[in-house]
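I have placed the structure first, in the form of structure tokens, so that the comments after it can refer back to it.
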2 protein chains.
Amino acid sequence: MKIGDLARRTGLSAHTIRYYERIGLLPYAPRDPSRQRGYDASILTWIAFLGRLRTTGMPIRDMLRYTQLRERGPDTLDERRIILEAHRTKVRAHLAELQDCLVVLDTKIAGYAGSDTVEMDNDATDQPTRALRERLARPIGD
Amino acid sequence: MKIGDLARRTGLSAHTIRYYERIGLLPYAPRDPSRQRGYDASILTWIAFLGRLRTTGMPIRDMLRYTQLRERGPDTLDERRIILEAHRTKVRAHLAELQDCLVVLDTKIAGYAGSDTVEMDNDATDQPTRALRERLARPIGD
DNA sequence: GCTTGACTTAGAGCGCGCTCGAAGCCGTAG
DNA sequence: CTACGGCTTCGAGCGCGCTCTAAGTCAAGC
């Protein structure tokens, strides 16, 4: 499989695939006699997994760390698991935050819908985040 | 309230607050005789709401659009509602995607945990995303 | 034989959302 | 009186994750 095919299959651009190889997220692809990259289908699962990490907001430098451990083989399984667990924790937290925000959004939209009255033009449904509420509860000079 | 206080209360930096004013996300704050910004407590709810939009990934240019409508008053309620509804749809989609990823992450971690056997060193649990699966199901030249 | 188009490299550029620096002013505490 | 911290403006700089350009090579189709 050539880079263009891989691009079509993964949704990444060929540019991005080369970039990923350059920085080490993708293994150095074997070149054919005319220096073109040739890919094995197995790369697809790896790229898909990288996609998951990206989607969930893992920075490239962390993906790189994971990638390098993976390349060092089964000795690094523990370390990799730890990375993923830490990441999962962050993702869960982010998810919870988003759900929180979604409720606010719903409330606000509902407010707009029912506003024949001017009573609550806007902001009546604004509520500070949990973290902000805590700060607000304390005096200024804390 | 001065900018430093507001910064402490919102978690934004003073730099960021000035930046937000500059680009129009925050209203021009009245200056005292020595040109320092003075804030009313009501700004807190607005900043909190902006925070929700940011957290949920709304680009600044869209927040700006919303802000400008808001400043134009109650005539723009409908348009604002539409913006928020569209945004909510995106947030929901993103949420679903994250939950999807979380399952993959869980599976992968579980795999690491139970691997006394080498059988599934890694990638055995990698599965393409839904979108990718669809692309993969079709022949290359589609 | 020639055109077309996908590929190669190295490196510059971009869009986003801040973040910081410089140089200077102001007001209060010691 | 002076030192200090916090404020002001304007504009440059940064970290991230790509994204694109330039100049060139190569292989297949007409």
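The values are calculated or read from the model by the stated rules, or taken from the named source; none is laboratory data. This one's a predicted model, so the numbers in the text were calculated from it and none came from an experiment. So basically every Cβ, Gly included, is an ideal-geometry build from the backbone, and we count neighbours across all protein chains shown. Ligands, DNA and RNA are excluded from the accessible area calculation, which covers all protein heavy atoms including side chains. Shrake-Rupley method; radii C 1.70, N 1.55, O 1.52, S 1.80 Å.
Yes/no matrix, rows are residues, columns are (1) of a type outside the set (Phe, Trp, Tyr); (2) touching an Asp or Glu at 6+ places or on another chain (Cβ under 8 Å):
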{"position": "B:Ala7", "(1), (2)": "yes, no"}
{"position": "B:Tyr20", "(1), (2)": "no, no"}
{"position": "B:Gly24", "(1), (2)": "yes, no"}
{"position": "B:Tyr28", "(1), (2)": "no, yes"}
{"position": "B:Gln36", "(1), (2)": "yes, no"}
{"position": "B:Asp40", "(1), (2)": "yes, no"}
{"position": "B:Thr45", "(1), (2)": "yes, yes"}
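Residues that are without any contact (Cβ under 8 Å) to a residue 12 or more places away in the chain and more than 7 Å from DNA strand C (Cβ to nearest atom) within the stretch B:36-61 comprise B:Ser42, B:Thr45, B:Phe49, B:Arg52, B:Thr55, listed in sequence order.
Among the residues that make up the stretch A:16-38, is at least one of them within 12 Å of chain B (Cβ to nearest Cβ) and away from DNA strand D (no atom under 11 Å from the Cβ)? The answer is no, given that none of the residues of the stretch A:16-38 is within 12 Å of chain B (Cβ to nearest Cβ) and away from DNA strand D (no atom under 11 Å from the Cβ).
Look at A:Thr56 and say whether it is farther than 28 Å from B:Arg54 by Cβ and open to solvent by less than 30 Å² (accessible area, probe 1.4 Å). So A:Thr56 fails the test. Of everything in the stretch B:15-32, what is within 18 Å of B:Ile60 (Cα to Cα), free of Cβ contacts under 8 Å to residues at least 40 places away in the same chain and either near DNA strand C (Cβ under 8 Å from one of its atoms) or assigned to a helix (DSSP H, G or I) (or both)? Give them in sequence order. Listed by number, the residues that qualify are B:His15, B:Thr16, B:Ile17, B:Arg18, B:Tyr19, B:Tyr20, B:Glu21, B:Arg22.
Taking A:Arg65, is it within 21 Å of A:Thr16 (Cβ to Cβ) and touching a strand residue (DSSP E or B) at 6+ places or on another chain (Cβ under 7 Å)? In short, no.
Is it the case that some residue within the stretch B:123-140 is over 30 Å from B:Met63 (Cβ atoms), outside any helix (DSSP H, G or I), at pLDDT below 95 and in contact with an Asp or Glu (Cβ under 7 Å, 6 or more places away or on another chain)? Give the steps one after another, and end with the answer.
If we filter the stretch B:123-140 for residues that are over 30 Å from B:Met63 (Cβ atoms), which is where we start, we get B:123-128, B:132-140.
Next, only the ones that are outside any helix (DSSP H, G or I) stay: B:123-128, B:138-140.
Now drop any that are not at pLDDT below 95, which leaves B:123-128, B:138-140.
Okay, now just the ones that are also in contact with an Asp or Glu (Cβ under 7 Å, 6 or more places away or on another chain), so B:140.
Yes, the conditions are met somewhere in the stretch B:123-140.
Given the structure, is B:Tyr66 of a type in the set (Phe, Trp, Tyr), assigned to a helix (DSSP H, G or I) and open to solvent by 20 Å² or more (accessible area, probe 1.4 Å)? No. For the stretch B:1-14, the set of residues classified as among the hydrophobic types (A, V, I, L, M, F, W, C) and in contact (Cβ under 8 Å) with a residue 12 or more places away in the chain consists of B:Met1, B:Ile3, B:Leu6, B:Leu12, listed by residue number. Filter the stretch A:16-32 down to residues that are closer than 13 Å to A:Lys2 by Cα and not charged (D, E, K, R) and give me whichever is surrounded by the fewest Cβ atoms within 10 Å (Cβ to Cβ). Looking at residues that are closer than 13 Å to A:Lys2 by Cα and not charged (D, E, K, R), I get A:Pro30. If you check A:Arg35, A:Arg72, A:Arg9 for being open to solvent by 50 Å² or more (accessible area, probe 1.4 Å) and either of a type in the set (Gly, Ala, Ser) or under 30 Å from B:Thr56 (Cα atoms) (or both), only one passes: A:Arg9. Note on the stretch A:72-112: residues that are hydrophobic (A, V, I, L, M, F, W, C) and within 7 Å of another protein chain (Cβ to nearest Cβ) total 10.
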